[in-house]
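Q: Sharing a structure here in structure tokens format.
The values are calculated or read from the model by the stated rules, or taken from the named source; none is laboratory data. Here the structure is a predicted model, which is why all the values come from computation and not from measurement. All Cβ positions, even for glycine, are placed from backbone atoms using ideal geometry, and neighbour counts span all protein chains on display.
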Amino acid sequence: VKVITTHQLQNMKERGEKISMLTAYDFSMATILDAAGIDVLLVGDSASNVMAGHETTLPITLDQMIYHAQSVVRGTKRAFVVVDMPFGSYQGNSSEALRSAIRIMKESGAHGIKLEGGAEIKESVTRILSAGVPVMGHLGLTPQSIYKFGTYTVRAKEDAEAQKLIEDAHLLQELGCFAIVLEKIPSALAKRVAESLEIPIIGIGAGPHVDGQVLVVHDMLGINKEFKPRFLRRYADLHTIMTDAVQNYIKDVKDRDFPNEKEAY
Ligand code: KIV
Ligand code: NA
């Protein structure tokens, strides 16, 4: 299998082929998504919510992100694997940012890292890129700043925030980022950014006029029953499928139907 590189992602934008990206946090899921043909796997810090049950992405640690990344890399043959740098591992200290990024790359075997923010994290982005580590940006609704925003609602509806987002996107491209995620912003703004930048723009809740899409895999598979934002399309109802399977198992055990003779040694 031909592996996906940052150059191929760039070519996909130039050819007009949309980039497919999903999160993954463990070996089994990564194996399925990679074999299905996903272009980019994101070891998202959404693992903090989805895997660990925290309310925000803030508590997950660098060691925990590396553990998830190692598991995903072991299940991946073709996809480009990007790992989120967790809250506190890169903000306000470019030496620590470089050290954190190098730990992720060295200990997990991932192909690149993602961090949230624009001008505020310029030094960190520059230093990580200077070490030869591909960097993906993330602008718009950046969940590590949830206590600044106070809400998970759409960002950059006001002119000032939209203008800053456009400037940050251009800055990240100039610094050398290979792609940018835009989360939960108006479709028209995302379109403007995708059209004015050379590098691929991957959207989540950012409309169709971008170069690719990303979703949290547990959300698109319908494992998480409660989470139903407008931008989410559910491709399966695994919550119901899994609940039915588990209830059938419980019944078969109680009824002494499982295991039968053929299932015993
Ligand atoms: O952590 C995550 O899942 C993400 C995506 C939603 C882009 O950052
Ligand atoms: Na994230």
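Q: Six or more apart or on different chains, Cβ atoms under 7 Å: show the pairs whose first residue is in region 180-205 and more than 17 Å from residue 115 (Cβ to Cβ) and whose second is assigned to a helix (DSSP H, G or I) and of a type in the set (Gly, Ala, Ser).
A: 189/162; 193/169; 197/169; 203/190
Q: Considering region 188-223 alone, what residues qualify as being surrounded by fewer than 18 Cβ atoms within 10 Å (Cβ to Cβ) and in a loop (DSSP other than H, G, I, E, B)?
A: Listed by number, the residues that qualify are 198, 207, 208, 209.
Q: Out of 101, 97, 156, 110, I need the residue that is in contact (Cβ under 8 Å) with a residue 60 or more places away in the chain and of a type in the set (Gly, Ala, Ser). Which one?
A: 110
Q: Looking only at residues in region 29-50 that are of a type in the set (Ser, Thr, Tyr) and assigned to a helix (DSSP H, G or I), which one is surrounded by the fewest Cβ atoms within 10 Å (Cβ to Cβ)?
A: 31
Q: Answer yes or no: is there a residue in region 243-254 that is at pLDDT 95 or above and not in a helix (DSSP H, G or I).
A: Within region 243-254, none of the residues are at pLDDT 95 or above and not in a helix (DSSP H, G or I).
Q: Oh, and also: For residues in region 1-45 being touching a strand residue (DSSP E or B) at 6+ places or on another chain (Cβ under 6 Å) and closer than 18 Å to residue 87 by Cα, which is farthest from ligand 1 (Cβ to nearest atom)?
A: Residue satisfying both the conditions and the ranking: 43.
Q: Out of region 1-28, which residues are among the aliphatic types (A, V, I, L, M), more than 16 Å from residue 74 (Cα to Cα) and surrounded by fewer than 20 Cβ atoms within 10 Å (Cβ to Cβ)?
A: Passing the criteria: only 12.
Q: Okay, moving on. Could you list, in sequence order, all residues of region 1-20 that are over 21 Å from residue 133 (Cα atoms) and not in a helix (DSSP H, G or I)?
A: 1, 16, 17, 18, 20
Q: Mind checking which residues of region 67-84 are in a helix (DSSP H, G or I) and surrounded by 24 or more Cβ atoms within 10 Å (Cβ to Cβ)?
A: Matches in region 67-84: 68, 69, 72.
Q: Select from region 68-88 the residues that are closer than 18 Å to residue 115 by Cα and within 16 Å of the chain's Cα centre (by Cα) and list them in ascending order.
A: Listed by number, the residues that qualify are 68, 69, 80, 81, 82, 83, 84, 85, 86, 87.
Q: Here is a follow-up. Out of 162, 169, which single residue is farther than 24 Å from residue 38 by Cα, touching a residue at least 40 places away in the same chain (Cβ under 8 Å) and surrounded by 14 or more Cβ atoms within 10 Å (Cβ to Cβ)?
A: 169
Q: I would also like to ask the following. Give me a count of the residues in region 123-146 that are touching a residue at least 40 places away in the same chain (Cβ under 8 Å), over 12 Å from residue 98 (Cα atoms) and assigned to a helix (DSSP H, G or I).
A: 3
Q: Does residue 97 qualify as being more than 17 Å from residue 214 (Cα to Cα), of a type in the set (Gly, Ala, Ser) and in the same structural domain as residue 20 (by TED's automatic domain parsing)?
A: Taking the combined requirement at face value, the residue satisfies it.
Q: Give the residues of region 212-230 that are more than 22 Å from residue 241 (Cβ to Cβ), more than 10 Å from ligand 1 (Cβ to nearest atom) and touching an Asp or Glu at 6+ places or on another chain (Cβ under 9 Å), sorted by residue number.
A: Of everything in region 212-230, just one residue is more than 22 Å from residue 241 (Cβ to Cβ), more than 10 Å from ligand 1 (Cβ to nearest atom) and touching an Asp or Glu at 6+ places or on another chain (Cβ under 9 Å), namely 212.
Q: Output the residue which, of all residues in region 51-66 that are in a loop (DSSP other than H, G, I, E, B) and out of contact with any helix residue (DSSP H, G or I) (no Cβ under 8 Å at 6 or more places or on another chain), is farthest from residue 124 (Cα to Cα).
A: 53
Q: Another question, then. Hey, can you tell me all the residues within region 152-191 that are of a type in the set (Asp, Glu) and touching a Ser or Thr at 6+ places or on another chain (Cβ under 9 Å)?
A: Answer for region 152-191, where residues must be of a type in the set (Asp, Glu) and touching a Ser or Thr at 6+ places or on another chain (Cβ under 9 Å): just 183.
Q: Does residue 180 satisfy being β-branched (Val, Ile, Thr) and over 27 Å from residue 16 (Cα atoms)?
A: For residue 180, the condition - β-branched (Val, Ile, Thr) and over 27 Å from residue 16 (Cα atoms) - is not met.
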